[in-house]
Amino acid sequence: MGKKKPSAAAAVRLSKARSEVRGNPFEVKVNKQKFTVLGRKVKHNVGLPGVSRSKSLKKRKDTLLKEYQQRGKTSVFHDKRFGEYDTKLTPEEKMMKRFALERQRNVGKKAVYNLNEEEELTHYGQSLAALERLNDAVDSDSDTEERGALSAELTSAHFGGGGLLRKKAPSDQKDEESEKPKTRKELIDELIAKSKLEKRERQSQREKTLELTEKLDSDWKAIQELLSHKRPKSERKVEAELPKPNDYDKIVRELGFEMKAQPSDRMKSEEEIAKEEQERLQKQEAERLRRMRGENKTKKKPKHISADDLMDGFVLDNDDRLMLSYKDGKMNLPESEDKGEEKVGGEDEDGDEGTDAVDGDSDASEEEDGDSEEEGSEESNASDNYSDLESNAGSEEEDEEVQVKTKKKKNQGKQKEAKESTSQLPFTFDAPESYESFQSLLSGKSAEEQLVILERIQKCNHPSLAEGNKTKLQKLFGFLLDYIMDLAGQETPDLCTVDKMIIPLYNLCQMFPEAAAKCVRDALQDIARTLDEMVESKGRTAYPALHVLLYFKITAILFPTSDFWHPVVTPAVTVMSQLLTKCPVSSLEDVAAGLFICCMFLEYVSLSRRFIPELINFLLGILNLATPRQASVGYVIVPPFKLHGKSSELLLLESTAGVESWVKTSLPLTAISGLSTKSKTEISHFKLTCVAVSLDLVRRCVDMYKSMPAFQETFNPIAKLIREHLPRVAYPQGIQDLCDNILDEIEKYSKKPYTPLMFEKQMPVAMKMFTPKVMPVLEFGKKQGCNRVERERKKLIHKHKREFKGAVREIRKDNQFLARVKLSENMERDVERKRKVKDLFNSLSAQEGEWKAMKRSKIKWK
């Protein structure tokens with residue numbers, strides 16, 4: 001639909017309004033200039049808003065819009081046949097070239113892989129050979145031979161045959177007059193019979209065709225065998241030999257026969273595992289109490305056996321029959337029988353204990369079964385080892401075997417005793433509410449029993465089972481920590497039990513890290529508070545006992561020590577630093593305690609490699625205790641050590657009597673509580689051990705801090721002490737080698753491959769000169785340059801940028817204009833489509849109304 005043209009009156013009003021706008025001074029746009037410059041062109045000084053836009057729009061309508069509307073239209077025919085405009089080629093050459101190109105085009109599309117195809121001539125796209133045959137394709141699946149044609153009988157039966165339009169032959173009229181008219185049923189029966197007859201004929205024809213085809217195939221096979229060329233046997237053998245499969249093919253074939261992964265059960269959550277464990281322990285506890293009271297769980301009732309029962313299902317479980325044999329007139333009884341009787345008897349006597357062990361710990365039951373199987377296998381092998389055929393040369397091997405068996409029996413006896421002791425424990429425990437109840441629960445029990453009790457307390461009081469269990473287990477962590485400290489604080493510390501108690505302590509810390517951190521931090525605060533009080537009251541303090549120092553080891557096990565700051569590890573490091581700097585070393589026990597703290601320091605900083613100055617100073621002071629007293633040493637000793645004093649030669653050997661018998665061992669922790677010996681030889685050995693441990697710690701520090709910038713300044717005092725003052729000649733060869741190794745490493749890492757940092761050398765400041773500085777006068781508004789050529793170049797660059805921006809802006813406006821045109825066209829097409837659809841609906845509704853009216857009036861079409 002085209003736009004309506006405005007009327008004459010509307011055009012007059014529009015022109016009048018435009019003239020009024022142009023004459024209105026308030027609609028005029030004025031571009032004022034601050035300064036007038038001669039020779040400068042000013043564009044659009046005065047004008048109306050939108051005038052330039054209307055001009056550009058009109059220009060685009062005249063040029064761009066016409067190009068867009070006439071796109072794809074042409075009034076010139078171009079002949080694109082090959083060589084049409086080439087005057088050098090003759091008509092025959094043009095025809096030959098065109099024919100060759102057509103052949104190439106057909107070969108490339110249809111016969112890419114057919115190399116022996118003959119040329120096929122076509123006419124209007126159809127093969128000439130097919131046209132000459134004049135055979136139409138017959139559809140064998142169709143019910144009628146004539147496709148699309150209706151027989152006269154069918155037409156007359158269903159549609160009346162068009163009696164008014166078809167003229168009958170005179171013979172037909174006579175037949176109809178002579179014959180009576182057939183009913184509709186008779187006509188339908190005749191049609192069905194004819195269709196069945198035709199179907200049978202087609203089926204028989206198809207069967208004949210198949211038989212002929214099979215016969216032809218068989219004849220062709222017989223002829224083909226006669227025509228086939230037989231190769232010699234040598235060639236056939238070469239072809240028959242297939243290449244052997246390589247390793248890759250074998251692996252691929254094996255993978256095909258591998259069993260596929262079966263879907264497993266889903267993993268249970270922590271709450272489900274805890275609930276199942278609690279139910280298992282409760283069931284086992286009920287079983288233990290029932291057996292203790294002597295009650296039977298189930299009483300087997302005698303099964304009724306009828307008189308006609310033939311006992312077909314009877315099975316003899318154990319065949320106890322023995323082969324009767326005699327030797328030297330006496331009955332021969334096998335040795336395994338007696339052993340078997342003893343074994344069976346033991347099982348009967350300890351039947352309750354065996355069930356308890358199985359119910360209590362599945363791992364223990366498994367071990368017991370494995371041990372029993374091993375015993376049985378060993379007994380069976382021992383009973384039939386053909387000892388009468390062996391010579392006396394194997395007596396030594398027999399002795400070794402006997403020793404191994406006795407060791408195994410001892411271990412099995414110990415395991416059996418531990419199982420018997422754990423089998424007597426209850427399977428369910430309530431969480432203790434106080435430390436006294438916790439201590440009474442564990443007192444008098446072995447370490448294995450204590451571990452079992454703690455494990456069962458955790459399982460029966462898991463946080464997911466009840467609401468208050470979390471608080472109970474948090475208290476259990478504090479009780480267990482205090483219990484470990486009590487074990488370590490005894491006169492003879494039970495360190496083996498302490499070592500085993502760390503496992504449940506670690507498990508509780510993983511369950512409740514915040515509560516565990518608070519508990520350990522409170523203990524460290526108590527140690528620091530006691531240390532400060534002692535320093536304030538006496539000015540010095542002694543090293544704490546072993547059970548207090550164990551807090552630092554437990555902290556390293558429970559919490560990460562490589563963090564830059566940690567709420568538990570950082571206070572522990574601070575307390576250890578205070579102990580090394582404020583506790584004087586006045587005895588060998590203090591030396592052992594200090595070296596233990598040094599080992600803890602190295603364990604703490606093994607990953608972070610943080611520098612600990614207290615550690616280096618303490619090791620330097622410990623090594624100084626092993627040197628003879630001198631007036632000046634050439635290095636600085638930091639408190640709490642002194643160059644001259646009562647304990648300044650604490651580690652100095654009084655004699656070299658026991659040096660040769662010394663063997664390097666680890667420093668015992670029990671030495672922190674006190675030395676149990678007073679012999680001079682053992683004291684000398686302890687001093688040598690302290691010196692060896694100190695040197696070993698120094699070597700580890702050198703290896704850790706080798707990349708430190710101040711390495712040389714840090715370890716030079718230790719190197720000087722070892723080289724000049726330490727009596728290495730009086731020490732064993734192992735300590736001397738360790739000293740040489742330390743000195744070599746310090747010398748190696750002291751040589752830096754880089755130069756130290758220095759300030760850059762600055763140029764000297766020149767004196768002030770009174771020569772005037774000539775500077776070019778800048779002309780504002782113009783492009784500055786060194787010469788005229790440069791200025792012209794910059795001017796061209798500026799013009800190019802400006803023109804480029806203008807071109808981009810015009811292209812963008814052209815695209816917007818075309819987009820608006822396309823949108824308007826789409827909207828017009830949509831309006832036209834909607835109009836046509838509306839017209840169609842109107843016409844259909846009118847036809848529907850007419851049809852309904854005709855139906856109501858019952859008008860019949862003829």
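Tabulated results
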quantity	calculated
Residues satisfying the stated conditions in region 557-604, i.e. part of a helix (DSSP H, G or I) and acidic (Asp, Glu)	Glu589, Asp590, Glu603
From Leu607, Leu620, residue being assigned to a helix (DSSP H, G or I), aliphatic (A, V, I, L, M) and on the phi < 0 side of the Ramachandran plot	Leu620
From Pro560, Pro567, Pro571, Pro584, residue being open to solvent by 30 Å² or more (accessible area, probe 1.4 Å) and either closer than 28 Å to Leu738 by Cα or of a type in the set (Ser, Thr, Tyr) (or both)	Pro584
Test: Leu226 is surrounded by fewer than 10 Cβ atoms within 10 Å (Cβ to Cβ), modelled with pLDDT of 55 or more and aliphatic (A, V, I, L, M)	yes
Failed criterion for Thr497 (all others in (1) at pLDDT below 90; (2) hydroxyl-bearing (Ser, Thr, Tyr); (3) under 23 Å from Val591 (Cα atoms) hold)	(3)
Criterion violated by Thr656 - all others in (1) open to solvent by 80 Å² or more (accessible area, probe 1.4 Å); (2) modelled with pLDDT of 85 or more; (3) among the hydroxyl-bearing types (Ser, Thr, Tyr); (4) more than 48 Å from the chain's Cα centre (by Cα) satisfied	(2)
Residues of region 427-450 satisfying the condition of being open to solvent by less than 50 Å² (accessible area, probe 1.4 Å), in contact with a helix residue (DSSP H, G or I) (Cβ under 7 Å, 6 or more places away or on another chain) and assigned to a helix (DSSP H, G or I)	Tyr435, Phe438, Leu441, Leu442, Ala447, Glu449, Gln450
Members of region 485-514 found to be assigned to a loop (DSSP other than H, G, I, E, B), among the β-branched types (Val, Ile, Thr) and either within 23 Å of Gln474 (Cβ to Cβ) or open to solvent by less than 10 Å² (accessible area, probe 1.4 Å) (or both), listed by number	none
Verdict on Glu92 being more than 30 Å from Leu818 (Cα to Cα) and modelled with pLDDT under 85	no
Extreme residue, least open to solvent (accessible area, probe 1.4 Å), among residues of region 677-714 that are modelled with pLDDT of 90 or more and in contact with an Asp or Glu (Cβ under 9 Å, 6 or more places away or on another chain)	Val702
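The values are calculated or read from the model by the stated rules, or taken from the named source; none is laboratory data. As the structure is a computational prediction, the values presented were derived from the model and not from experiment. Virtual Cβ from ideal backbone geometry, glycine too; neighbours counted across all protein chains shown. Surface areas here come from the heavy atoms of the whole protein model, side chains and all, with no ligands, DNA or RNA. Shrake-Rupley method; radii C 1.70, N 1.55, O 1.52, S 1.80 Å.
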